[in-house]
1. Report the extension gain between Glu294 and Glu455 in nm, rounded to one decimal, defined as 0.36 nm multiplied by the number of residues separating them, less their alpha carbon distance.
2. Are there chymotrypsin sites (Phe, Trp or Tyr not before Pro) in region 398-476 that DSSP marks as loop and that have at most 12 other Cβ atoms within 10 Å, and which are they?
3. For Lys359, give me every one of the lysines with a C-alpha distance below 21 angstrom, ignoring sequence neighbours fewer than eight places off in its own chain.
4. When only DSSP loop residues count, what chymotrypsin sites (Phe, Trp or Tyr not before Pro) in region 286-332 have their Cβ near at most 16 other Cβ atoms within 10 Å?
5. Just to be sure I understand: of the beta bridges DSSP finds with both ends in the chain, what percent are antiparallel, rounded to 5?
6. Run the paramagnetic zone check for Glu52: 7 angstrom along Cα to Cβ, then residues of region 64-98 with backbone nitrogen under 17 Å.
7. Please list, ordered by chain and number, the residues whose modelled amide H lies under 5 Å from the amide H of Cys227; skip anything fewer than 5 residues away on the same chain.
8. How big is the dipole moment of the chain about its Cα centre under a simple scheme where the beta carbon of each Lys and Arg is +1, that of each Asp and Glu is -1, and everything else is neutral? Debye, nearest 20, please.
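Where a number appears in this text, it was derived from the coordinates with a stated rule and is not lab data. The shown structure was predicted, so the numbers you read here are calculated from the model rather than taken from an experiment. Cβ sites come from the backbone with ideal geometry, for glycine too, and all protein chains shown count toward neighbours.
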Amino acid sequence: MHEKYMSPLSERYASKEMQYIFSPDKKFTTWRKLWIALAEAERELGLPITEEQIEEMKAHQDDINYEEARAREKEVRHDVMSHVYAYGLQCPKAKGIIHLGATSCYVGDNTDLIIMREGLCLVREKLINVIAELSRFAAAWKTQPTLAFTHFQPAQPTTVGKRACLWIQELLLDLEDLEHVIGSMKLLGSKGTTGTQASFLELFDGDHEKCRALDQKIAEKMGFSSCYPVSGQTYSRKVDTRVLCVLAGIASSAHKFSNDIRLLQHLKEIEEPFEKSQIGSSAMAYKRNPMRSERIASLANYVMSDVMNPMLTASTQWFERTLDDSANKRISIPEAFLAVDGILDLYLNVVDGLVVYPKVIEKHLMAELPFMATENIMMDAVKAGGDRQELHEKIRTLSMEAGRQVKVEGRDNNLLELIAADPAFNLSLDELKKSMDPSRYVGRAPRQVEEFLEETVYPILRENESVLGRKAEINV
């Protein structure tokens, strides 16, 4: 175990559920299900296949004789034919009709499509749970004023809950894309060596309609509505690109969230979970590094860069197929799924345990709020009889002086004191301080949170109530 490379995606990041979807056992049992579906469909369309043969195949669908398959593959250097052989050893009566008329891509490509769709469904379930957890956080903090940032410079205040809605909005866009890809995925079906179904046309004595019916029957038996109408030997590798683009979109959204949390943790306003015995730094014992958010970013970078693999593969497929996709697909597709699975578990874990520090948020906001409030202060001074143009210039000058004192002298923001000392404003310090209620400056943010959750988010959560309630355990 300790003498060979082990993928960190399996060892540290991905869940057991996603690992099983891309496991050898899942792959090879799906091959056998496809061989059974093929035999059943061929029998239903009149080929001389008996119910006894099919039942024999079903009896050995799950007890795969791996040792025989491995030994055979060493001889023939062909994984599909090795498993056909091994299956035939267990099913002597059905041996002659297993894989009848098919080529390797019948099991290989159809299985890839089945597994990818199943993986996407698990991703969808986890994504919805992250959205649900974020919606709870947004609702809980919808009225908490906080500094907003543009260019990471202090800007007009928002609320903690409204900022969370920005994270949710991006995940909802990902969910739309995800559902589109899941809903549009088809099976390859039984297309033959170059996609012409020539072998099946021969089996069915030239009956084109039976060839068409064969595809449809196989699709339905495997839980798909239809097959891609045309193909070469393989399904179009653009399908893989579409799948990985969706996964990369989720990774991108998660990366953005993780960046915000890391910056907020630096400001000491919001922190990701930090366990009692967790060590933040080997050298600096006081540190609470945002390890989970950093891991999200790290895995997300991998997934986003992984999109190039299926794009390059799709662009370089020659005519009806080449085999330079095979080794790449075995790595790039599963690893993208495993990485996104780990990202979503981390995302859910972080949101579930976010710690908010309202006093720090208020301190930072109040240090900047006098600058934000100058428009309101100026309007109050105008109402008291002041000249707007004169007051605007004075506020500009006093703001620059207050900024200088903060940045050069290291003092607190004294803009209110400077304004109160200027008779042109005719406002006392107490009057100015009364205008420093942060809730006056967050606009519609609390209402926006309520409207967004009620009108957009909660309907989706109600439709998917059966998949809610997940918790994420982080391995390391």
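1. Value of the extension gain: 54.7 nm.
2. Those that pass, being in a loop and sparsely packed, number zero.
3. Those lysines meeting the cut-off are Lys142, Lys162, Lys268, Lys287, Lys433, Lys434.
4. In loop regions of region 286-332 (DSSP not H, G, I, E or B), the sparsely surrounded chymotrypsin sites (Phe, Trp or Tyr not before Pro) are Tyr286, Trp318, Phe319.
5. Bridges in the chain that DSSP calls antiparallel: roughly 90 percent.
6. 90-98
7. Here the answer is Leu187, since their amide H atoms fall under 5 Å of that of Cys227.
8. On the way: 59 positive and 71 negative charges, 169 e Å.
Taking the Cα centre of the chain as origin, the dipole is about 800 debye.
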